[in-house]
Amino acid sequence: MANFALIGVAGYVAPRHLKAIKETGNKLISALDPCDSVGVIDTFFPEADFFIEPERFDRNIDKLRRSGNKIDYISICSPNYLHDSHIRLALRNQADAICEKPLVLNPWNLDALKIIERETGKKIYNILQLRLHEEILHLYDQIHNGDNDKVYDVELTYITSRGKWYDRSWKGEIEKSGGVVTNIGIHFFDMLSFLFGDVKENIVHLSRPHKAAGLLVLKHARVKWFMSIDYDDIPDAIKAKGQRMYRSITIDKDQSIEFSAGFTDLHTKSYHHILDGGGFGIEDARKAIETVFTIRNAAPIGKKGEYHPFVMKQ
């Protein structure tokens, strides 16, 4: 049984990590969050220590290490801009880090993390759960066992509406979140590189606080993509069902990737993967981080005939 600590336990994604720690037969010893609305802990690990101040949390982790009851892994669910700092806290305390996406906001921070990995001998893992989804793995086999010269025509649409709270939170500050493409899209860009290979060209057609779109040319695909948190972008047929999210990925206009099912256990699968000696590290995370960094800093340009259909409505 491994000992875990968790940073950001009041956050949206934290329950998936709590569930994964419990379902893999491990124990949460300590948790940190400046927000004290953390009753969710009682469902999984009511005996865990809880801190609202990072200094006291750090002292607790150090005390456990010196007493022979060290923390083996620190799971990080904090805001994006704090991931780098919290990863360093984990490794300084001789714990491996399991971090939500994005690992960092800027690509050069990955190189600095590689140095601290070497210095401490500990590992940094990134949750890239779509790589473990059965449908994605099936498609991966189809692509990599097929025509090596084939370039697929892919269209990706992801709209997941958010309320007014979004702009008041850290997610609405691009310096802290990386913007809408990083917040809601980085796992899709990781999936695209995983499936279709290295990025050859990255063109941005639309870049606004609540939506973005462009063309991503990969080794084996040309991807027209559109991502939005604007409820008005959701198709009327989806709104009529009372739904606030729309997700569509098509290949060569006739093959749809359907992975709505199977999401609930992907964090547990990710933890099993790590604990069994696998896991996705710094270099696995690099391509998607570079992709969204480029999108975030690009000036939108036009390219006739390459627009995603949703862009034409803007």
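The values are calculated or read from the model by the stated rules, or taken from the named source; none is laboratory data. Small disclaimer: the values here were computed from a predicted structure and weren't measured. Cβ: placed from backbone, ideal geometry, glycine included. Neighbour counts: every protein chain shown. Only protein heavy atoms, including side chains, enter the accessible area calculation; ligands, DNA and RNA are left aside. Shrake-Rupley method; radii C 1.70, N 1.55, O 1.52, S 1.80 Å.
Relative to the longest principal axis of the Cα atoms of the chain, the long axis of helix 179-196 lies at roughly 80 degrees.
Remark: the range 1-114 carries 43 Å² of accessible area per residue (probe radius 1.4 Å; ligands, DNA and RNA excluded). Please give the charge dipole size of the range 23-143, origin at the Cα centre, charges +1 on K and R Cβ atoms and -1 on D and E Cβ atoms. Round to the nearest 20 debye. Once rounded to the nearest 20, the dipole reads 600 debye.
For a protection proxy built on the mean count of beta-carbon atoms within 10 angstrom, sort 235-246, 215-226, 128-139 highest first, please. Don't skip to the answer; put the middle values down first.
Working: 235-246: 11.2, 215-226: 20.4, 128-139: 18.0.
Put in order of decreasing packing, that is 215-226, 128-139, 235-246.
Given +1 at the Cβ of Lys and Arg, -1 at the Cβ of Asp and Glu and no other charges, the dipole of the chain around its Cα centre is 500 debye to the nearest 20.
So what is the accessible area of the range 192-257 per residue, in Å², with the probe set to 1.4 Å? Before the final figure, lay out the partial values.
Numbers: 3050 Å² over 66 residues.
Normalised by residue count, the accessible surface of the range 192-257 is 46 Å².
Note on the chain: GNM, Cα springs under 10 Å; of 279, 146, 172, the largest mean-square fluctuation is that of 146.
The portion of the accessible surface of the range 206-314 made up by carbon and sulfur, rounded to a whole percent, is 51 (1.4 Å probe; DNA, RNA and ligands excluded). Modelled label positions at residue 151 and residue 119, each set 7 Å beyond Cα in the direction of Cβ, lie 4.4 nm from each other.
For the chain, rounded, prolate or oblate, judged on the Cα gyration tensor with a ≥ b ≥ c (square roots of eigenvalues), a/c < 1.5 rounded, else prolate if a/b > b/c? Cα axes put the chain in the prolate bin.
At a 1.4 Å probe radius, carbon and sulfur cover how many percent of the accessible area of the range 23-74? Solvent-exposed carbon and sulfur of the range 23-74 make up 46 percent of the total.
Around residue 95, what is the net charge, scoring Lys/Arg as +1 and Asp/Glu as -1 over all other residues with Cβ under 10 Å from its Cβ?
Numbers: positive: 65, 70, 92, 122, 123; negative: 72, 96.
Net local charge, residue 95 excluded: +3.
Relative to the longest principal axis of the Cα atoms of the chain, the long axis of helix 134-144 makes an angle of roughly 60 degrees. Of the residues 285, 48, 213, which exhibits the maximal mean-square fluctuation in a Gaussian network model of the chain defined by a 10 Å Cα contact cut-off? Of 285, 48, 213, the most mobile in the Gaussian network model is 48. Applying 0.36 nm per residue to the separation of residue 138 and residue 66 and subtracting their alpha-carbon distance, the gain on full extension is 21.3 nm. Placing a label point 7 Å from the Cα of residue 254 along the Cα-to-Cβ direction, the residues of the range 122-142 whose backbone N falls under 18 Å from that point are 142.
Using a probe of 1.4 angstrom, how much of the accessible area of the range 94-154 is carbon and sulfur, in percent? Provide the component values of the computation, followed by the final result.
Numbers: 1230 of 2860 Å².
Answer for the range 94-154: carbon and sulfur cover 43 percent of the accessible area.
Using the rule -39500 (n - 2.57) for each DSSP H run of four or more residues, divided by the residues of the chain, the 222 nm mean residue ellipticity is -11000 deg cm²/dmol. Filter 63/287; 171/269; 122/287 down to the pairs with a C-alpha to C-alpha distance above 30 Å, please. From 63/287; 171/269; 122/287, over 30 Å: 63/287.
By the gyration tensor of its Cα atoms, with a ≥ b ≥ c the square roots of the eigenvalues, what is the shape of the range 267-314: rounded for a/c under 1.5, prolate for a/b over b/c, or oblate? Taking the square roots of the gyration eigenvalues as a ≥ b ≥ c, the range 267-314 is prolate.
Once the other residues with Cβ under 11 Å from the Cβ of residue 142 are scored (Lys, Arg +1; Asp, Glu -1), what is the net sum? Around residue 142, the charge tally is -2.
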